[in-house]
Amino acid sequence: MNKKILLTSVCQPLGAAYGDAPSVGYELLHGQVTRAQGIFSPRALHLHFALDYISENIETPAVVLHYPTRSDLIRELRKGYDYVGVSFLLAVFHHMKDVVSLIREHAPQSKIILGGYGTVLSDEVLAPYSDYICRGEGVEFMRKLLGEPPASKPYKPPLIVSRLKIFSAPVSRTGMIFAGLGCPNGCDFCCTSHFFKRKHISLLPTGKDIYNVVERYQELEPGMPMVVLDEDFLLNKKRAMEFRECVLKGGKSVSLFVFASIRAISQYKVEEILEMGIDGFWIGYEGTKSGYNKQLGRPAEEIFKEFREHGITILASMIVGFPYQTPEIVEEELQGLLKLKPGLGQFLIYGPTPGTPFYERIMKEGLLRPDLLADQEKYYRSCDGFAAMVKHPRLSAEEIESLQRKCFEKDFQILGPSIYRFIETYMLGAQKLKNSSSPLLRKKSEWYASEVRKGYPIFLTGRLFGPNRAIRRWIGQLEKQIHSIYGRPNLKENLLSLASVVLAVWTGIKLKWNIFQHPKSIRNVYRAPLATPKLHQAWRRLKKMGIPLSVEHGSGNVVWVQFKQHFNAAQARDLGLQLRRALEKKKNRLVLDLAHLAHLEGKSAEQLARHLKDFRERIRLVVPAQFSHPNTALYLGIFDSRSASMMKETSSSQGDLAVSASSSRRV
């Protein structure tokens, strides 16, 4: 009998209102970065990406649940699984215990696997809740457990898209690129570095491997921004420069946000960084006297200034609670950071996590707070970066936590909402690069300018609801400056400005009353028969048109229509009308496979283009290497397309492109 595996996060509801630590929830950005920015805080659901990554790279049928309710999980458990894996962090240890209890009650036959950074705890602590503990690189562990042969790298990366909202409205989609695990820098507090024994595990070993994933996201949505998940992406200069060469050769400007240290960044010229497509960084600013090797290199002040002038936004992370700090030193370090005008600021408390040198020293010297030492589960709940857990030589726990709150508040009150900081930085970059000698950097300037224009509708809200008079005045001045460069808003943008105000008010109501703050459960299916939903009638009607074709529902929300013989212009007209009706009724993305139609006539292509042009953002074509009729390619040029030969290089089946078009299915 074939095995089945279920991988799940802990259950919702999560949050301080339910007894969790202050930053525990579903969102990294809103929970740990823009938490003081209220209605202006950008919102994006943070998934347990490793669950999908593992599921994509094993052969066993798998189901992944992100933030299920208890009833969602119970319903899934009753379907019967050989293994159930639970991903958790230390701060949600108590939620992990609840999930394990549900598994044992409703699926007693299932073997339980614990994974995630919560497994920094010892086997002795975790044994009562598990049959297996997954530490380190998850694909290798899971394939071995399931009796599958080892897989060579690079693994097949799942295409996972994060959706960003501002004022409760969706504004962009971001692709997640899984390039590596672990970090060799070895900062004494860093769980990530020491969880992987200060080693970097490369999931995408070469620059070409990374660029291949970039191309897949661009097939899905041209111009989609991406995040590279790798703790110090630029540290491996050979890989980074190979990636740069691929971008230059491709000739298309891309948008990447990456994690990098001052030491790694110092190896490059800003032009080289921009040519890679990097326009956003997460940088560990930490503290001016923290003394970590990763901070060696060019002065941070010089890098921040140069990056901002070139349109590169920075999320700077600062630590509160170092032994050398006093309230005056924290204030001095904060003001120094704010002068550099980062787009985003994170302020976490220096805390000990099991497995790190800092934890070992704290336990050896008896510096853990007595109440946490006496109650291990209280300690676990406090491991979220927002609790002072260590006896400090100069500050009480209350003082440290108060200083942290003041850092977040001053960041917001002095620099204003991050969404306007980003717009200002993009404006500076657009102006700086518009006359660049590099064609790629001129394209980057155009991209910056387009992002600035997208921000027009949010200025009115900022001028009305900014945190103080100075910030409201700054937003108004920024708006005038941008209008002088890019022109006044049009009617649509003015109407969207009014809508933005209404949505901002609605966002404030939701935050005040803590309503609609929990996500819908997400259920992703890999290789199981139930992964293919039934085709809607609008699509099934295509099979009755007398044209030899096949219609399949691919992964996620993609419908794949493959044509087996040529059709004339009249048939193309009827086909275009029916496809249009289907797209109007359903929100599917459509792949039209024309690979076998090298001799498709121009008139037939014209009919398809005429009826489907309004939906071209949702349509991708698979085309032959060359059409025999020149007008055919001309008419179909309004759609994004890839040749059949290119598809063979990047996808092994129709399912692969379907995954490219939509990597997950919401339930």
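The values are calculated or read from the model by the stated rules, or taken from the named source; none is laboratory data. Treat the numbers as computed from the prediction; the structure is a model and nothing was measured. Here the Cβ positions follow ideal geometry from the backbone for every residue, glycine too, while neighbour counts run over all protein chains shown. Only protein heavy atoms, including side chains, enter the accessible area calculation; ligands, DNA and RNA are left aside. Shrake-Rupley method; radii C 1.70, N 1.55, O 1.52, S 1.80 Å.
Do we have residue 359 as part of a helix (DSSP H, G or I), buried (at least 20 other Cβ atoms within 10 Å of the Cβ) and free of Cβ contacts under 8 Å to residues at least 40 places away in the same chain here? First the steps, then the outcome.
On the way: part of a helix (DSSP H, G or I): yes; buried (at least 20 other Cβ atoms within 10 Å of the Cβ): yes; free of Cβ contacts under 8 Å to residues at least 40 places away in the same chain: yes.
Yes.
Every residue in the range 84-112 that is farther than 22 Å from residue 22 by Cα and either touching a His at 6+ places or on another chain (Cβ under 8 Å) or not in a strand (DSSP E or B) (or both), please. Spell out how you get there, then give the answer.
Let us first name the residues in the range 84-112 that are farther than 22 Å from residue 22 by Cα, namely 84-86, 100-112.
Within the range 84-112, 100, 101, 102, 103, 104, 105, 106, 107, 108, 109, 110 qualify.
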The range 429-441, subset assigned to a helix (DSSP H, G or I) and more than 25 Å from the chain's Cα centre (by Cα), residue surrounded by the most Cβ atoms within 10 Å (Cβ to Cβ): 433
Hits in the range 153-202 - residues which are under 30 Å from residue 452 (Cβ atoms), touching a Gly at 6+ places or on another chain (Cβ under 7 Å) and in a loop (DSSP other than H, G, I, E, B): 159
Report, by residue number, each residue of the range 449-507 that is within 24 Å of residue 35 (Cα to Cα), among the hydrophobic types (A, V, I, L, M, F, W, C) and open to solvent by 30 Å² or more (accessible area, probe 1.4 Å). 460, 464, 465, 470, 474, 499, 502, 503, 505, 506
Would you be able to say whether some residue in the range 164-187 is of a type in the set (A, V, I, L, M), in contact with a helix residue (DSSP H, G or I) (Cβ under 8 Å, 6 or more places away or on another chain) and more than 27 Å from residue 45 (Cβ to Cβ)? no
Which one of these does residue 530 not meet: (1) more than 16 Å from residue 38 (Cβ to Cβ); (2) modelled with pLDDT of 95 or more; (3) among the aliphatic types (A, V, I, L, M); (4) surrounded by fewer than 18 Cβ atoms within 10 Å (Cβ to Cβ)? (2)
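Name the one entry in 324, 292, 285 that is in contact with an Asp or Glu (Cβ under 8 Å, 6 or more places away or on another chain), under 25 Å from residue 389 (Cα atoms) and of a type outside the set (Val, Ile, Thr).
Working: 324 fails: in contact with an Asp or Glu (Cβ under 8 Å, 6 or more places away or on another chain); 285 fails: in contact with an Asp or Glu (Cβ under 8 Å, 6 or more places away or on another chain).
Going through 324, 292, 285 in turn, just one is in contact with an Asp or Glu (Cβ under 8 Å, 6 or more places away or on another chain), under 25 Å from residue 389 (Cα atoms) and of a type outside the set (Val, Ile, Thr): 292.
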Scan the range 242-296 for residues that are open to solvent by 60 Å² or more (accessible area, probe 1.4 Å), over 21 Å from residue 438 (Cβ atoms) and part of a loop (DSSP other than H, G, I, E, B) and report the count. 4
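Is there a residue being open to solvent by 50 Å² or more (accessible area, probe 1.4 Å), of a type in the set (A, V, I, L, M, F, W, C), part of a helix (DSSP H, G or I) and touching a helix residue (DSSP H, G or I) at 6+ places or on another chain (Cβ under 7 Å) anywhere in the range 574-583? Write out each step before concluding.
Kept after step one, since they are open to solvent by 50 Å² or more (accessible area, probe 1.4 Å), are these residues of the range 574-583: 574, 577, 580-581.
Imposing the further condition that a residue be of a type in the set (A, V, I, L, M, F, W, C) reduces the set to 577.
Adding the requirement that they be part of a helix (DSSP H, G or I) leaves 577.
Checking which are touching a helix residue (DSSP H, G or I) at 6+ places or on another chain (Cβ under 7 Å) leaves us with 577.
Checked against the condition, which is being open to solvent by 50 Å² or more (accessible area, probe 1.4 Å), of a type in the set (A, V, I, L, M, F, W, C), part of a helix (DSSP H, G or I) and touching a helix residue (DSSP H, G or I) at 6+ places or on another chain (Cβ under 7 Å), the range 574-583 yields at least one hit.
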Kindly indicate whether any position in the range 16-32 is of a type outside the set (Asp, Glu), farther than 16 Å from residue 95 by Cβ and either open to solvent by less than 20 Å² (accessible area, probe 1.4 Å) or in a loop (DSSP other than H, G, I, E, B) (or both). no
In the range 195-233, the residues that are aromatic (Phe, Trp, Tyr) and over 14 Å from the mean Cα position of the chain (by Cα): 195, 196, 211, 233
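Taking the criterion of being modelled with pLDDT of 95 or more, in a loop (DSSP other than H, G, I, E, B) and closer than 21 Å to residue 191 by Cα, would at least one residue in the range 331-351 satisfy it? Let's see the steps before the verdict.
Restricting attention to the range 331-351, the residues satisfying the condition of being modelled with pLDDT of 95 or more are 331-351.
From what's left, in a loop (DSSP other than H, G, I, E, B): 340-343, 350-351.
With closer than 21 Å to residue 191 by Cα added as a condition, the list becomes 350-351.
So far as the range 331-351 goes, yes, one or more of its residues are modelled with pLDDT of 95 or more, in a loop (DSSP other than H, G, I, E, B) and closer than 21 Å to residue 191 by Cα.
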Would you confirm, using the coordinates I've provided, whether residue 405 is surrounded by fewer than 18 Cβ atoms within 10 Å (Cβ to Cβ) and either in contact (Cβ under 8 Å) with a residue 24 or more places away in the chain or more than 25 Å from residue 299 (Cα to Cα) (or both)? yes
Return the pair list, or none, for Cβ contacts closer than 6 Å from residues in the range 525-553 that are closer than 18 Å to residue 589 by Cβ and hydroxyl-bearing (Ser, Thr, Tyr) to residues that are modelled with pLDDT of 80 or more and not in a helix (DSSP H, G or I), at least 6 apart or on different chains. 550/562
Are any residues in the range 472-497 of a type outside the set (S, T, N, Q), within 29 Å of residue 28 (Cα to Cα) and in contact (Cβ under 8 Å) with a residue 24 or more places away in the chain, and if so, which ones? 474, 475, 478, 496
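Could you tell me whether residue 393 is in a loop (DSSP other than H, G, I, E, B), surrounded by fewer than 17 Cβ atoms within 10 Å (Cβ to Cβ) and modelled with pLDDT of 95 or more?
Numbers: in a loop (DSSP other than H, G, I, E, B): yes; surrounded by fewer than 17 Cβ atoms within 10 Å (Cβ to Cβ): yes; modelled with pLDDT of 95 or more: yes.
For residue 393, the condition - in a loop (DSSP other than H, G, I, E, B), surrounded by fewer than 17 Cβ atoms within 10 Å (Cβ to Cβ) and modelled with pLDDT of 95 or more - is met.
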Would you please name the residue that is most open to solvent (accessible area, probe 1.4 Å), looking only at residues in the range 46-75 that are assigned to a loop (DSSP other than H, G, I, E, B) and not hydroxyl-bearing (Ser, Thr, Tyr)? 59
Might you check whether a residue that is surrounded by fewer than 23 Cβ atoms within 10 Å (Cβ to Cβ) and farther than 30 Å from residue 223 by Cα occurs anywhere in the range 313-323? yes
In this structure, is residue 238 in a helix (DSSP H, G or I) and either open to solvent by 40 Å² or more (accessible area, probe 1.4 Å) or touching a strand residue (DSSP E or B) at 6+ places or on another chain (Cβ under 6 Å) (or both)? yes
From the list 68, 61, 42, which one is touching a residue at least 12 places away in the same chain (Cβ under 8 Å), under 20 Å from the mean Cα position of the chain (by Cα) and more than 30 Å from residue 402 (Cα to Cα)? 68
Any hit, the range 113-134, residues being on the phi < 0 side of the Ramachandran plot, in a loop (DSSP other than H, G, I, E, B) and modelled with pLDDT under 95: no
